[in-house]
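Below is one structure, written out as structure tokens, with a few remarks after it.
Computed from the coordinates by the stated procedures, all read-outs in this text should not be read as laboratory data. What you see is a predicted model; the values in this text were computed from it and never measured. Every residue, glycine as well, gets a Cβ built from its backbone with ideal geometry; the counts of neighbours run over all protein chains shown.
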Amino acid sequence: MIRKTVAINEKTINELARYAKREERDFSSTLRYALKIGLLALDNPELAGEEIKDIIEAQVDYETGRISELKPEDL
């Protein structure tokens with residue numbers, strides 16, 4: 001991981017801190033998560049923020065083995 005110093009306005013810091021507390025995350029992971037959502041939103045303007053969050057959560061569930069890929073023959 002690379003460390004960088006960035007300037008962020010106080011309102012954004014406060015919003016991130018509230019989100020971190022609500023989601024039970026530390027501030028750094030909250031900032032990384034919000035940045036990931038923002039970058040995905042820029043690349044996929046047709047998707048709503050909630051859709052992007054759902055996709056990220058499903059990807060994490062898949063990677064951790066909580067869910068598996070659905071195969072057509074299993075239907």
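Points to keep in mind about this one:
- Ordering of 62-70, 1-9, 15-23, 38-46 by packing is 15-23, 38-46, 62-70, 1-9, highest average first (other Cβ atoms within 10 Å, averaged per residue).
- Over the residues of the chain, the helix contribution to mean residue ellipticity at 222 nm works out to -20000 deg cm²/dmol, using -39500 (n - 2.57) for each DSSP H run of at least 4.
- Lysines with Cα under 19 Å of K11, excluding same-chain neighbours fewer than 8 positions away: K21
- Compactness index (Cα Rg / 2.2 N^0.38 Å), region 10-66: 1.21
- Cα-based helix-to-principal-axis angle, 27-43 vs the chain, degrees rounded to 10: 60
- Principal-axis tilt of helix 10-23 within the chain, Cα atoms, nearest 10 degrees: 40
- For a straight C-alpha distance cut-off of 18 angstrom, the lysines reachable from K36 (same-chain residues fewer than eight places away being disregarded) are K4, K53.
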